[in-house]
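If you scroll down you'll find the structure; I have some questions about it.
All of the numbers you see were taken from the coordinates with simple rules; none came from a lab. From a predicted model like this one, the values you see are computed outputs, not experimental measurements. Neighbour counts are summed over all protein chains in view; Cβ atoms, including those assigned to glycine, are modelled from backbone coordinates with ideal geometry.
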Amino acid sequence: MAEEDGELECEEESVGEEADDASARLEKELEEAKCLADERLDQLKRCRAELENVMKMAARDREENIKFASQRLISRLLGFLDSMEQASKHDQGVKLLNLQLLAILEGEGLVPIEAEGKPFDPYRHEALMQVESGELAENTVAQELSRGYILNNRVLRTSKVAVVKKR
């Protein structure tokens with residue numbers, strides 16, 4: 001029995017040493033995992049800060065673009081303003097001013113909507129009244145009361161029109 005007791009003590013010591021080794025190994029793995037987690041958290045914080053900086057810079061750029069979006073157009077209109085001053089001294093200048101302004105705006109992508117004699121289109125025309133006509137078909141624009149415009153393929157302002165109704 002003494003031999004058995006000695007073997008038991010060895011086994012208990014062996015089990016205790018193994019438990020200490022496993023505990024030390026687990027503590028080491030836990031410490032490595034904590035270091036990795038801290039490293040990942042630090043990377044995440046830096047990425048977030050960088051994203052916030054990019055977003056702030058994009059917002060500043062957007063504000064700057066909005067602020068100066070009309071600068072090119074206004075620069076082109078200054079010549080028109082000068083011409084308008086000169087035209088105010090002469091009667092014929094008004095028609096030339098209209099053509100000059102329309103050319104400037106067409107250069108910026110503005111296109112007048114052709115309405116008279118065309119079929120009524122609710123996306124391009126706003127019917128203000130109906131008129132009778134023996135010459136034009138029903139739902140045709142008989143008269144343009146106010147011109148509409150398209151800017152870069154998007155309706156900027158609808159034409160105000162009178163539409164033919166059936167007699």
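Quick one: net charge around Glu116, please, counting Lys, Arg +1 and Asp, Glu -1 for every other residue with C-beta under 14 Å from its C-beta.
Counting the neighbours of Glu116, the net charge comes to 0.
Over the chain, what is the mean sequence separation of C-alpha contacts under 8 Å (at least six apart), divided by residue count, expressed as relative contact order in percent?
That works out to 15 percent.
Determine how many Å³ per residue the convex hull of the Cα atoms of the chain encloses.
Cα convex hull per residue, to the nearest whole number: 228 Å³.
While we're here: Roughly how tilted is helix 93-107, in degrees to the nearest 10 and between 0 and 90, from the longest Cα axis of the chain?
Its long axis makes an angle of about 30 degrees.
Just to be sure I understand: of the beta bridges DSSP finds with both ends in the stretch 46-167, what percent are antiparallel, rounded to 5?
60 percent
Run the reach check for Lys160 against lysines, Cα to Cα strictly under 16 Å, same-chain hits fewer than 8 apart removed. What comes back?
Lys118
So what is the relative contact order for the stretch 112-167, in percent, with contacts set as C-alpha pairs under 8 Å and at least six apart?
The normalised contact order for the stretch 112-167 reaches 45 percent.
Along the charge dipole of the stretch 14-56, which of Leu36, Ala24, Leu51 sits closest to the positive end, that is, farthest toward it, with unit charges on the beta carbon of Lys, Arg, Asp and Glu (+1, +1, -1, -1)?
Sorting the options by dipole projection puts first Leu51.
Going by alpha carbons, how many degrees (0 to 90, nearest 10) lie between the helix axis of 2-68 and the longest principal axis of the chain?
Relative to the chain, helix 2-68 is tipped by roughly 20 degrees.
In a GNM of the chain with a 10 Å cut-off on Cα contacts, which of Leu44, Leu110, Leu96 has the highest mean-square fluctuation?
Leu44
Using a Cα-Cα cut-off of under 20 Å, which lysines could be cross-linked to Lys67, ignoring same-chain neighbours fewer than 8 residues away?
Candidates past the 8-residue exclusion: Lys56.
Let me know the charge dipole size of the stretch 85-167 about its Cα centre in debye, to the nearest 20, where only the beta-carbon of Lys, Arg (+1) and Asp, Glu (-1) is charged.
So the magnitude is around 180 debye.
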